[in-house]
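Heads up, the thing below is written out as structure tokens.
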Amino acid sequence: MSALLVADDLARSFPGRRGLANLLRGAPPRVRALNGVSLHVDRGETLAIVGESGCGKSTLARALVRLIDLDEGQISFDGMDVRSLAGPELRRYNRRVQMVFQDPYGSLNPRMTVGQILEEALAVHNMVPAPQRRARVVELLSLVRLPADAASRLPHEFSGGQRQRIAIARALSIEPDLLIADEIVSALDVSVQAQILNLLLDLQQRLGLAILFVSHDLRVVRHLAHRVAIMYLGRVVEVGPADAVFDTPRHPYTQALLRAAPSMEPPEPGTTRPNRTAALTGELPSPLNIPTGCPFHPRCPEARDRCTTDVPPVHVGERRHTATCHLLD
């Protein structure tokens, strides 16, 4: 399977808040959100990006759609150098790579009806002639399982799950090859989450979509993704097929995340669910001052002296299951 999108060594930092110590030094602090992120998304697959809040997942998603600029690194999409695109070429890229955000209400114009929102996307990218746009809007609403009369209503008249369906319909209206979903079910009830996830799976099969799914919820990811990438402090520390990552995690951070995740399996009859042991110790280090060597070493129960000084190499296992950890040497 050929890669549709390839990200290579992406780096991005942001100015931090100025404190007294920084003022005395004269150098503003920098928040390092991305520190050499490399990954790829194959055609028609779902790659899930997983990690704690603040690990750089959303920064990565926004960088891939050119909402923010990168300091370093390259992005290739279907053979194109994405960072060099401008004008009509950039617009074509924006049509082929669409993003759905965590807050659907914030991304939908509250003064426009759903029909106007969808028609605007069709008009901007000249997808269908003007006389055919209303019929196309009805098709798009049906695609995300909403009634045709939803076109005449405003976004505030819908529930959170319905608004997320509208956001998905808008993204799909211009027929993208890659859909980037940034925490799109995190604010929804569990039952509504399942509906949205089932919708994504159905749309992927019908349309041949590739999906980059950003989430912190391992339960959601396990049933959706073909491959999983684990991020920690702006770095990808493990990547592999979903079943391999969940069944045989190679990085201590991935192992800790899985220990911390609630089990979806019911306890055995006559037993109670055992208490989970502490998965991680210590606080997440500040991205203003990322630890040297392996960034996970202050919280790793198996850290060695080498982990505090040397950046771990990438170890490639079976089925391209990779991890960056000295313990794999």
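Every read-out reported here was derived from the displayed coordinates using simple, explicitly stated rules and does not represent laboratory data. No experiment lies behind these values; they were computed from the predicted model shown. Cβ coordinates were reconstructed from backbone atoms using ideal geometry, including for glycine residues, and neighbour counts include every protein chain displayed.
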Exercise for the section: Starting from the Cα-Cα distance between residue 189 and residue 157, subtract it from 0.36 nm times their residue separation and give me the gain in nm to one decimal. Expected result: 9.7 nm
Exercise for the section: Using only alpha carbon pairs under 8 Å that are at least six residues apart, calculate the relative contact order of the chain and give it in whole percent. Expected result: 20
Fill in the blank from the handout: With label points set 7 Å from each Cα along the Cα-to-Cβ direction at residue 71 and residue 314, the distance between them in nm comes to 2.0
Problem - Computed E for residue 149/residue 81 - FRET, C-beta separation, R0 45 angstrom, nearest 0.05 - result: 0.50
Practice task
Taking H placed 1.01 Å from N in the peptide plane, check which residues at least 5 places from residue 180 or on another chain put their amide H under 5 Å from its amide H.
Solution key: 98, 99, 100, 212
Completion exercise
To the nearest 10 degrees, the tilt of helix 87-96 (Cα long axis) against the first principal axis of the alpha carbons of the chain is 80
Handout entry: Cβ-defined net charge surrounding residue 300, 15 Å radius [Lys, Arg +1; Asp, Glu -1]
Key = -1
Exercise for the section: Work out from phi, with θ = phi - 60° and the Karplus expression 6.51 cos²θ - 1.76 cosθ + 1.60, the ³J(HN,Hα) of each residue of region 234-242, listed in order in whole Hz, and give x for Gly and Pro. Expected result: x, 10, 8, 9, 7, 9, x, x, 4
Problem - P(r) of region 71-178 over all Cα-Cα pairs, binned every 5 Å from zero, in whole percent - result: 2, 12, 22, 21, 17, 11, 8, 5, 1, 0
Practice task
May I ask for the angle, rounded to the nearest 10°, between helix 133-143 and the longest principal axis of the chain, with both axes built from Cα atoms and the value confined to 0 to 90°?
Solution key: 50
Exercise for the section: Going by C-beta contacts inside 10 Å, put 60, 5 in order with the fewest on the left. Expected result: 5, 60
Practice task
Rounded to the nearest 10 degrees, what's the angle between the helix 190-207 long axis and the longest principal axis of the chain, both from Cα atoms, 0 to 90?
Solution key: 70
Exercise for the section: Show that you can apply the helix-only estimate: for the chain, add -39,500 (n - 2.57) for every DSSP H stretch of four or more residues, divide by all residues, and state [θ] at 222 nm to the nearest 500. Expected result: -8500 deg cm²/dmol
Fill in the blank from the handout: With Cα springs under 10 Å, the Gaussian network model of the chain assigns the largest mean-square fluctuation among 260, 244, 86 to 86
Completion exercise
Each label sits 7 Å from Cα toward the beta-carbon; between residue 132 and residue 109 the label points are separated, in nm, by 2.3
Fill in the blank from the handout: For the chain, shape from the Cα gyration tensor axes a ≥ b ≥ c, cut at a/c of 1.5 then a/b versus b/c, turns out prolate
